[in-house]
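Note sheet for the following structure.
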Amino acid sequence: MIEAEGLVKHFGATKALQGVDLAVKRGTVLGVLGPNGAGKTTAVRILSTLLIPDAGTARINGLDVVRDAERVRQTIGLTGQYASIDEDLTGRQNLELFGTLLDLGRRGARERAAELLEWFDLTDAAGRMAKTYSGGMRRRLDLAASLVGSPDVIFLDEPTTGLDPAKREDMWDVVRTLVADGATVLLTTQYLEEADALADEITVIDHGKVIAHDTPEGLKRVVGGQTLEVRPSDPAQLSRAAAILSEVSSGAAADEIRNGMLAVPVSGDAALTESVARFAAAGISVTELSLHLPSLDEVFFTLTGRTAADDDNTKVSVTA
Amino acid sequence: MTTLTAPPRTKSPVVSSVKPGQRPFRLVRHSLALMKRSLIKTWRTPEALIDVTLQPVLFLVIFVYIFGGAVAGSTHDYLQFLLPGILAQTIATGCIAIGVNLNTDIAKGIFDRFRALPIPRSAPLLGAVLGDVVRYVIVTISTLAIGYILGFRIESNPLMAVAGCLLAVLFALCLSWLPVFIAMKVRTPGAVQGVMFALIMPLSFASNVFVGAGTLPGWMQGFVKVNPITHLVDSMRGLFDGTPVGNHIWWTLAWCAGFVIVFMPLALRAYRKKV
């Protein structure tokens, strides 16, 4: 269980956090969504006892992260944005080191390392120096290292940034397993898709402030749900395809967003299968067909009236 | 390959079959575990030992054969005089590496993980400092070995020679806290190197390493006489040659204690505060 109220942290003139509230119920996942520099990592560092907030309080399982830091450290696992393992040590040596530091004893550390290496499919690479690992293997070792002490609160700071889509799905499966076994997870991400796939609730932060907090469904309702994109193989069929899409989306007009590519807002996953069936019935073949969640940029544009990258703009009032 | 007795896959990585126990002497055990990490790293990157292996060899050969005749009248006499000085100088410059390494390590994020673990906060620094002992032992052995080949001889007895070597290693261990402190205060490894050179160069040259203190101008002698390196070198000369050491050993030990008392708390405090 994670509770934080009014977290403030300034670094010189940079106001990294300006009063952030976060709450994660036991056994659930909170996705903290925001662009680079929004304050996500600062929040995670405060919650994991690495930074002391200028103001505000935070508790992990009821323990204050400043006053009870030592006890908080016994219950948390931290996986940073950059793999924080020792590259000159082998995978096994890394895990055994953390086992020793967590007082598992020499034998216990060895057993726990073997267990995690097996679980994360790293047994074959266990004797190799971590610097020889691929990006995906490093992330797995990094995550394994944060699980050595069987923490019940886990912080994942952008766990899939830089991973290819297949590796990203693998990591998502791991996170789901952790939660299924009762772990409480706070996950930061730049992808709405990732937060949607994993989180029970999403907090959107920007410039050190919470600008929205909702369930994934609620957030998607606000930011406009999903977009169905279709490219008919024969450009001459564009207008017929557009008419079908319009029916699928119960009346919304389908626009040609790029040359030969139609897009229409839809409200649920069912729209995908329905449109496939209708295109088949109408004899229209398509070369591309996909369902998209809004990108982070679009989310921010909807919530704040400006793009996420647009840092110099004066603040526009929140419309959410 | 199929195995009939494949171990049952653990249900979940969160559920551990190993339970942590409460064990005593946490600071010692954790520091030793982290020292082992340093030793593995040293073992894996032997090229990082160049400063403590090649440098004393080069300095000895160059100084003995270029200045020996001019300074001491003979290269052999000068070698006998210079070797303890070169050992002290190499040990002092060899300390710089720990600052550079720690500064690099901290930027990489592994220290974040250490800091988020329920271990004493000073353990990672203590472990790193202790792990460097192996470097100082190596520098002592390599300097004495090349010295022996060139004609240097221990003229006291083995016990005093070992005492001289131990004093050198202890000096290095204590002086290490200065570069560790600098490493916590500056932002880049290059800056650690720069600051440390600016401190170590005057200490090692404005001393009795290369020439007797008596030959130096009077205003400089004042500095040379309190310089910790001078005391270390005089102690080693006495212990290696079997000549009287006066109270240089006590002065050296006092300096060692001073380095630890001043720079260890400063380093630990800076480490705790470091973002």
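Coordinate-derived values only; no laboratory data. What you see is a predicted model; the values in this text were computed from it and never measured. Reconstructed Cβ throughout: ideal geometry from the backbone, glycine too, with neighbour counts over all protein chains shown.
The Kirkwood radius of the stretch B:50-209, taken over pairs of alpha-carbon atoms, gives through the Stokes-Einstein law at 4 °C and 1.567 mPa s a diffusion coefficient of 77 µm² s⁻¹.
Taking the fewest neighbouring Cβ atoms within 10 Å as the starting point, the ordered list for B:ARG113, A:ARG240 is A:ARG240, B:ARG113.
A convex hull fitted around the alpha carbon atoms of the stretch B:69-144 yields 92 Å³ per residue.
Across peptide A:103-113, the mean count of Cβ atoms from other chains lying within 10 Å of each residue's own Cβ comes to 4. Normalised by the number of residues in chain B, the mean separation of alpha-carbon contacts (under 8 Å, six or more apart) gives a relative contact order of 24 percent. The alpha-carbon positions of the stretch A:151-270 define a convex hull whose volume is 153 Å³ per residue. Taking the longest Cα principal axis of chain B as reference, the axis of helix B:189-205 is set at about 30 degrees. Projected over all directions and averaged, the alpha-carbon convex hull of chain B occupies 20.4 nm². By other beta-carbon atoms within 10 Å, ranking A:ASP124, A:ASP196, A:ASP297, B:ASP132 with the fewest at the front produces A:ASP124, A:ASP297, A:ASP196, B:ASP132. Look at the alpha carbon pairs under 8 Å that are at least 6 residues apart: their mean separation over the length of the stretch A:226-292 gives a relative contact order of 50 percent.
Its relative contact order, with pairs defined as Cα atoms under 8 Å and 6+ residues apart, puts chain A at 19 percent. Computed about its Cα centre, the charge dipole of the protein assembly as shown is approximately 2220 debye, with only Lys, Arg, Asp and Glu carrying charge at their Cβ. In chain A, what % of DSSP beta bridges are antiparallel (nearest 5)? Just about 65 percent of them are antiparallel. Inverting the pair-averaged 1/r between distinct Cα atoms of the stretch B:177-247 gives 13.8 Å as its Kirkwood hydrodynamic radius. Look at the stretch A:172-185: the mean tally of other chain Cβ atoms within 10 Å of its residues' Cβ atoms is 2. Binning all Cα-Cα separations of the stretch A:48-131 at 5 Å, short to long from zero, yields these whole-percent fractions: 3, 14, 18, 19, 17, 13, 10, 6, 2, 0. For chain A, the 222 nm mean residue ellipticity estimated from helices alone, with every DSSP H stretch of n ≥ 4 adding -39500 (n - 2.57) and the total spread over all residues, rounds to -11000 deg cm²/dmol. Relative to its Kirkwood radius, the Cα radius of gyration of the stretch A:226-292 gives an Rg/Rh of 0.90. Counted over the stretch A:2-221 with a bin width of 5 Å, the fraction of Cα pairs per bin, in whole percents, is 1, 7, 15, 19, 20, 16, 12, 7, 3, 0, 0. Per residue, the Cα convex hull of the protein assembly as shown amounts to 223 Å³. Ordered by the number of other Cβ atoms lying within 10 Å of each residue's own Cβ, fewest first, A:LEU104, B:LEU32 fall into the sequence B:LEU32, A:LEU104.
Between the Cα long axis of helix B:26-44 and the first principal axis of chain B there is an angle of about 70°, rounded to the nearest 10. Helix A:91-101 and the longest principal axis of the C-alpha atoms of chain A enclose an angle of approximately 50°. Once backbone amide H atoms are built at 1.01 Å from N, A:VAL286 has A:SER233 as its partners under 5 Å, excluding neighbours fewer than 5 places away on the same chain. Among beta bridges from DSSP that stay inside the protein assembly as shown, the antiparallel ones total about 65%.
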